[in-house]
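A quick write-up on the structure given underneath.
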Amino acid sequence: MEEMLEFRLHGRGGQGIVVAAAIFAEAVFLDGYYARAFSLFGAERRGAPVTAFIRVSRERLMPRSRIYRPDYAVIFDSSLSAETSTAGLKEGGTLLINAGEAKDGNLFLTTVGDNPYRIFAVDATEIAWKHKLAIGSFPMVNTVMLGAMASLSGLSSLESLVQSIKKRVTASLEANISAVGEGYECVREVEQLVT
């Protein structure tokens, strides 16, 4: 691992982004790293844009500022602005997007255009529906995205993610554990998504 890796998560209120950042930070800590998670949001309402940040390092001391040049940009909702969500993503960095095959994510991906980073997708919305992880008509994609993040970064084992989920998630625990495993297994490179 580099000296420090930075993640910036983009989504909407109600998708569990703030909780996901805390779970991931705890899981990587359980696997021997130091981590810090924090969030930024305007209006505290369902559907409003939310950004969460995670720093991971072998060193205990890390900055407490926003992340402008992430190694990983993680998009929980592909209806968000591609330009804003990918702004500052480091060359050679990783873009992870919640996008199904030939669905709304394709529009996001086509607006990204030529880029100097790797793009991966997981159909977190479909997996969340499959496991009945929803509040009303709003799918809770956070545990699916956590599985995909762990798979791509290699910073957290599934076991540590599950352990952290058990501490922070009380509703639909078994469904969330199944969803994190499916997210881990189903993340794929974007070339398999867009032709």
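FYI, it's all coordinate maths here, none of it is from the lab. Owing to the predicted nature of the structure, the values given are computational and were not obtained by experimental measurement. Because the Cβ atoms are built from the backbone with ideal geometry, glycine has one as well, and the counts that use them run over all protein chains shown.
Stretching the chain fully between residue 185 and residue 30 yields a gain of 53.7 nm (0.36 nm per residue, less the alpha carbon separation). Consider the candidate values [x] 16.3; [y] 18.2; [z] 17.0; state which one is Kirkwood radius over Cα pairs in Å computed from the structure displayed. After the calculation, the listed value that fits is [x].
For region 128-182, which trypsin sites (Lys or Arg not before Pro) pass both filters: DSSP loop (anything but H, G, I, E, B) and at most 14 other C-beta atoms within 10 Å? Passing both the DSSP loop test and the Cβ count: 132. Simple spin-label estimate for residue 170 and residue 48 gives 2.4 nm between the two label positions (7 Å along the Cα-to-Cβ direction from each Cα). Only helices enter this figure: runs of n ≥ 4 DSSP H residues, each worth -39500 (n - 2.57), summed and divided by the residues of the chain, yield -10500 deg cm²/dmol at 222 nm to the nearest 500.
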